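I have a structure I would like to understand better, so I am pasting it below and will then ask my questions one at a time.
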Amino acid sequence: MKDKPEIYNQDVVHHYQNPHNKGKLSDPDFSVTEENPKCGDRVTLQIKLDGAEISEVKFHGHGCVLSIGAASILTQMIQGLNVREALELTFDDLVENMGNPAKMRKDCASLSLNALKKALSGW
Amino acid sequence: MLNVKDVKKDFPVLKNRDVVYLDNAATTLTPDSVIQSLKNYYQNLGTSVHRGIYQLANETTEKYERARKKVADFVGSDSPREIVFTKNCTEGINIIAYSLHHWPEMEGKILVTEMDHHSNILPWRFMANGSEKFQLEYVDVTKEGRLDLEDYKSKLSPDTVAVGVPGISNVVGTVNPIKEMTDLAHERDALVVMDGAQWLPHRKFDISEYKVDFLTFSAHKMLGPTGLGVLYGKEDLLCRMPPPFGGGEMVLKVDRRKVKWNDPPQKFEPGTPPIAQIIAFGASVDYLNELGISEVNEHVDRLAQRAVNKLSEIPYVDIYGPKEGESRGGLVSFNVEGVHPHDLATALDSLDNIAIRAGLHCAQPLHEVMELNSSARASFYVYNAPEDVDRFIDAIKEAKKILGGADER
Ligand SMILES: Cc1ncc(COP(=O)(O)O)c(C=O)c1O
């Protein structure tokens, strides 16, 4: 076996093990569920707006380190952004915080980002 | 017994890449002799089949038809006319479903199983949807991952047109009782379509023993080239079935209104076939025959059993499907508590270049029945050694140390 290879960026693993903003909002303005049919992962993203600003965000679901880690990271990234700024976020912005395997497994890592785009496209 | 050291030398990928390849149920690696056969076609033959009047085309045609004969022999058919070449196993099942659906007398129930691969479910569903002709039903799978034969018997009604069943499940590895199921189906005049994708690579199959009406499999899962599959059909059925695709070489006579189909297999093979791949698949069959299919079977089963035994000793691992014996094929699906299968696959790859499969394995209904979001799968073949299983087990333990411990999500 190789000596201590880094499987995932340690921050991502930390987010997976201690996810931020995990849970449900009682009265969300938007709630979108995205699923990856190849592996069964599922993430629901819920957003509450104050005017055009994202005032509250939570997610729940099940999945791998990348899909759950990304969801946790993403909720932190978008908290307090206005809708236009959130819509401009790209996959590369997210990957910057996640390291290389995220790129290899784009389907996993982009689950919550896709939910975000779908949710806000209805704004 | 197989000499794995010698076998390994025949596989260039294993020399060129540092990999413990345990994703054989998806696709197998290619031996030198098959690569040489592909190369030989492009370097020394290069022509089409059946149409040329010249020497070179005759030689290609002869090699091409010899490969068909090898495949017929491999499944125990005495007529190469029963061997139709397709794009893959999936296409074979689509051809059968379409054909039966367009055959006027065929009307009634189609039975498939909850453990079928999507490729033996969706073609039937496409035909059943929006049509009165076919109604689709599923045979139940037990918690242990076996077919519920009582359920099968009760659903096998006199109006059943066809039964679709995997010889071996690509998820739980169950070897299904094909002979018994076929006898029961034939008592009610139902046809049996066996998905042989996971059977043919490492288990002896003889049509005179199992008596299924149709059998499909993929070359790339048994040392052959990609882009090629086989549809075996009983000759009288192939003669009477309407073909789904039209084109060159599949007709004897065409005027502007009427056509007279060619005989099988050409009737189902319109257009120019994958010639190089078919000839090279003959070399794959030769290779398997030289190793001996019962030796292959024994070797692969022993590796799978070793994996099952070692995984069973790990308290945080759940294994799916029958635990041992005759009824298990050469693969094992499982989950590691607290580690998502995708993460496990990534971890095994990073830790020790071990390639396994993770996800739903194109068998979502089965995962639904087993109440699983997904699973990890290791599958074995001729070039895998017992040490590969051991490295796989060690890497699982290491991955659990690094990634485990997260609460259930
Ligand atoms: C049981 C089973 N049936 C069908 C298939 C489909 O094979 P292919 O993708 O080569 O058509 C597979 C493999 O993926 C399989 O495991």
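By the scheme Lys and Arg +1, Asp and Glu -1, what is the net charge of all other residues having a beta-carbon under 11 Å from that of B:Pro158?
It works out to a net charge of -1.
What is the angle, in °, between the Cα long axis of helix A:65-78 and the longest principal axis of the Cα atoms in chain A? Nearest 10 is fine, range 0 to 90.
It is inclined by approximately 40 degrees.
To the nearest 20 debye, what charge dipole does segment B:34-289 have about its Cα centre, counting +1 at the Cβ of each Lys and Arg and -1 at the Cβ of each Asp and Glu?
Dipole size: approximately 980 debye.
Same structure, new question: How many Å³ per residue does the convex hull of the Cα positions in chain B occupy?
Details: hull volume 59.1 nm³, N = 409.
It comes to 144 Å³ per residue, whole-number rounded.
Say each of B:Glu368 and B:Lys401 gets a label point 7 Å from the Cα, pointing the same way as Cα to Cβ; how far apart are those two points in nm?
4.1 nm
Past 26 Å, Cα to Cα: identify those pairs from A:Lys2/B:Lys15; A:Lys22/A:Lys48; B:Lys109/B:Lys221; B:Lys15/B:Lys221; A:Lys48/A:Lys117; B:Lys143/B:Lys211, in the order given.
Values: A:Lys2/B:Lys15 19 Å; A:Lys22/A:Lys48 14 Å; B:Lys109/B:Lys221 31 Å; B:Lys15/B:Lys221 20 Å; A:Lys48/A:Lys117 14 Å; B:Lys143/B:Lys211 28 Å.
Distance filter (> 26 Å) returns B:Lys109/B:Lys221; B:Lys143/B:Lys211.
For chain B, what does -39500 (n - 2.57) per DSSP helix run (n ≥ 4), summed and divided by total residues, give at 222 nm, in deg cm²/dmol to the nearest 500? Don't skip to the answer; put the middle values down first.
Working: 15 runs with 161 residues, N = 409.
Value at 222 nm, helices only, nearest 500: -12000 deg cm²/dmol.
Is any residue of segment B:96-124 close enough, with backbone N under 15 Å, to a label point placed 7 angstrom from the Cα of B:Gln135 along the Cα-Cβ axis, and if so, which?
Under cut-off, by backbone N: B:107-112.
Apply the Karplus parameterisation 6.51 cos²θ - 1.76 cosθ + 1.60, with θ equal to phi minus 60°, to every residue of segment B:80-94 and state each ³J(HN,Hα) to the nearest whole Hz, in sequence, with x for glycine and proline.
x, 5, 7, 9, 9, 8, 10, 6, 5, 4, 4, 5, x, 5, 4
Can you give the angle from 0 to 90° between the axis of helix B:55-75 and the longest principal axis of chain B, with both taken from C-alpha atoms, to the nearest 10?
60 degrees
Taking H as built 1.01 Å from N, whose amide H comes closer than 5 Å to the amide H of A:Asp29, not counting residues under 5 places away?
Residues meeting the criterion, in which the H sits 1.01 Å from N, are A:Ile47, A:Lys48, A:Leu49.
What whole-number value in Å² describes the accessible area per residue of segment A:1-79 for a 1.4 Å probe? Please report the intermediate quantities before stating the final value.
Values: 3610 Å² over 79 residues.
With the other protein chains kept in place, segment A:1-79 gives 46 Å² per residue.
Next question, about the same structure. Under 12 Å between alpha carbons, and skipping anything fewer than 8 positions from B:Lys153 in its own chain: which aspartates and glutamates qualify?
Excluding near neighbours in sequence, the set is B:Asp140, B:Glu180, B:Asp183, B:Glu187.
Let me ask something else. Residue by residue through segment A:90-107, what is 3J(HN,Hα) from phi via Karplus (6.51 cos²θ - 1.76 cosθ + 1.60, θ = phi - 60°)? Round to whole Hz and write x for glycine and proline.
10, 4, 4, 4, 5, 4, 3, 8, 10, x, 4, x, 4, 5, 5, 10, 4, 4
May I ask for the Rg/Rh ratio of the protein assembly as shown, computed from Cα atoms with Rh as the Kirkwood radius, given to two decimals? Write down the numbers at each step before the final one.
Working: Rg = 25.7 Å, Rh = 25.3 Å.
The Rg/Rh ratio comes out at 1.02.
Leaving out same-chain residues fewer than 8 places away, which lysines sit with a Cα under 28 Å from that of B:Lys253?
Here the lysines satisfying the reach criterion relative to B:Lys253 are B:Lys63, B:Lys69, B:Lys87, B:Lys234, B:Lys267.
Quick one: 3J(HN,Hα) in Hz for segment B:143-157, Karplus 6.51/-1.76/1.60 with θ = phi - 60°, rounded, Gly and Pro as x.
Listing the rounded values in order: 4, 7, x, 10, 6, 7, 5, 5, 4, 4, 4, 6, 8, 7, 8 Hz.
Between B:Gln36 and B:Phe126, what length in nm is gained on full extension when 0.36 nm per residue of separation is reduced by their alpha carbon distance? Can you show the working numbers first?
Working: separation 90, 0.36 × 90 = 32.40 nm, distance 3.98 nm.
The B:Gln36-B:Phe126 span can extend by a further 28.4 nm.
For q = 0.19 Å⁻¹, what log10 I(q)/I(0) does segment A:10-120 give under the Debye formula with an equal point scatterer on each alpha carbon and no solvent?
Values returned for q = 0.19 Å⁻¹ are -0.89.
Give the span of segment B:17-157's Cα atoms along each principal axis, as three whole-Å numbers ordered largest to smallest.
Result, largest extent first: 56, 48, 29 Å.
Please state the relative contact order of chain B as a whole percent: Cα pairs under 8 Å, 6+ residues apart?
Working: 790 pairs, mean separation 91.8, N = 409.
Relative contact order comes out at 22 percent.
While we're looking at this one, here's another question. Using a cut-off of 14 Å between beta-carbons, work out the net charge of the residues near B:Thr182 (Lys and Arg +1, Asp and Glu -1, B:Thr182 not included).
On the way: positive: B:Lys153, B:Lys179, B:Arg188, B:Lys211, B:Lys234; negative: B:Glu180, B:Asp183, B:Glu187, B:Asp189, B:Asp195, B:Asp206, B:Glu209, B:Asp213.
Around B:Thr182, the charge tally is -3.
Looking at segment B:34-289, what % of its DSSP beta bridges pair antiparallel, to the nearest 5?
Details: 14 of 31 bridges.
Bridges in segment B:34-289 that DSSP calls antiparallel: roughly 45 percent.
Under a point spin-label approximation (7 Å from Cα along Cα-to-Cβ), what is the B:Ile314-B:Leu14 distance to one decimal in nm?
Going from the B:Ile314 label point to the B:Leu14 one covers 2.3 nm.
When the accessible area of chain B is split by element with a 1.4 Å probe, what percent falls to carbon and sulfur?
Values: 8080 of 16690 Å².
Carbon and sulfur: 48 percent of the exposed surface of chain B.
May I pose another question? Specify which residue in the list B:Ser119, B:Tyr42, B:Cys89 is farthest towards the positive end of the charge dipole of segment B:23-131, using unit charges on the beta carbon of Lys, Arg (+1) and Asp, Glu (-1), about the Cα centre.
Value: B:Tyr42.
Between 0 and 90 degrees, rounded to the nearest ten: what's the tilt of helix B:275-291 against the longest Cα principal axis of chain B?
50 degrees
How many partner chain Cβ atoms sit within 10 Å of a residue's Cβ in peptide A:37-47, on average, as a whole number? Working shown, then result.
Values: counts 3, 8, 11, 12, 6, 1, 0, 0, 0, 0, 0.
Per-residue shielding by partner chains comes out at 4.
What FRET efficiency comes out for B:Thr47 versus B:Glu295 if R0 is 30 angstrom and r is the Cβ-Cβ distance? Round to the nearest 0.05. Intermediate values should be presented prior to the final figure.
On the way: r = 37 Å, r/R0 = 1.23.
Efficiency computed from Cβ-Cβ geometry: 0.25.
Separate question: Given Cβ point charges of +1 (Lys, Arg) and -1 (Asp, Glu) and nothing else, what value in debye, to the nearest 20, does the dipole of segment A:10-120 about its Cα centre take? Don't skip to the end; give the middle numbers.
Details: 12 positive and 15 negative charges, 82 e Å.
Using only the charged Cβ atoms, the result is roughly 400 debye.
Considering amide H positions built from the backbone, and no H for Pro or chain starts, which residues 5 or more places from A:His62, or on another chain, come under 5 Å of its amide H?
For A:His62, the qualifying residues are A:Arg42.
From other protein chains only, count the Cβ atoms within 10 Å of every residue's Cβ in B:358-369, then give the mean. Working shown, then result.
Details: counts 3, 7, 5, 2, 1, 0, 3, 0, 0, 1, 1, 0.
Counting other chains' Cβ atoms within 10 Å and averaging over B:358-369 gives 2.
Let me check I've understood the local charge: for B:Glu107, count other residues with C-beta under 13 angstrom from its C-beta, Lys and Arg +1, Asp and Glu -1. What total comes out?
Values: positive: B:Lys109, B:Lys133; negative: B:Glu105, B:Glu132, B:Asp159, B:Asp189.
For residues surrounding B:Glu107, the net value is -2.
Can I ask one more? Compute the accessible area per residue over chain B, keeping the other protein chains in place, probe 1.4 Å, unit Å². Mind showing how you got there, number by number?
On the way: 16690 Å² over 409 residues.
Result: 41 Å² of accessible area for each residue.
Where the only charges are on Cβ atoms (+1 Lys, Arg; -1 Asp, Glu), what is the dipole of segment B:55-203 about its Cα centre, to the nearest 20 debye? Could you put the intermediate results ahead of the total?
On the way: 17 positive and 24 negative charges, 106 e Å.
I would put it at about 520 debye.
To continue, here is another question. Applying a 10 Å radius around every beta-carbon, put B:329-336, A:102-109, B:148-155, B:7-14 in order of their mean neighbour count, most first.
On the way: B:329-336: 26.8, A:102-109: 19.1, B:148-155: 14.5, B:7-14: 16.5.
In descending order of packing, they fall as B:329-336, A:102-109, B:7-14, B:148-155.
Based on DSSP H runs of at least 4 residues, each adding -39500 (n - 2.57), what is the mean residue ellipticity at 222 nm of chain A after dividing by all its residues, to the nearest 500 deg cm²/dmol? Kindly include the intermediate steps, with their values, before the conclusion.
Numbers: 7 runs with 53 residues, N = 123.
Dividing the helical sum by the residues of chain A leaves -11000 deg cm²/dmol.
Can you give me the solvent accessible area of A:Lys118 with a 1.4 Å probe, rounded to the nearest 10 Å²?
Using a 1.4 Å probe on the heavy atoms, I get roughly 120 Å².
May I pose another question? In peptide B:337-347, what is the residue-averaged number of other protein chain Cβ atoms found within 10 Å of each Cβ? Walk me through the numbers on the way to the answer.
Working: counts 0, 1, 2, 12, 3, 14, 14, 2, 3, 9, 5.
That average works out to 6.
Please list the non-local residues whose amide H lies under 5 Å from the amide H of B:Thr160, H modeled 1.01 Å from N, same-chain partners needing a gap of 5 or more.
Answer set, sorted by chain and number: B:Lys109.
In Å², nearest 100, what accessible area do chains A and B bury in total when the solvent probe is 1.4 Å? Provide the component values of the computation, followed by the final result.
Numbers: alone 6990 and 17740 Å², together 22650 Å².
The A and B chains share an interface burying roughly 2100 Å².
Would you work out what percent of the accessible area of segment A:38-123, with all protein chains in place, is carbon or sulfur (probe 1.4 Å)?
Working: 1640 of 3550 Å².
Carbon and sulfur atoms account for 46 percent of the accessible area of segment A:38-123.
The values are calculated or read from the model by the stated rules, or taken from the named source; none is laboratory data. Keep in mind it's a predicted model, so treat the numbers as computed, not measured. Positions of Cβ are generated from backbone atoms using ideal geometry, with glycine treated the same way; all protein chains shown enter the neighbour counts. What goes into the accessible areas is simple: the full protein's heavy atoms, side chains included, and nothing from ligands, DNA or RNA. Shrake-Rupley method; radii C 1.70, N 1.55, O 1.52, S 1.80 Å.
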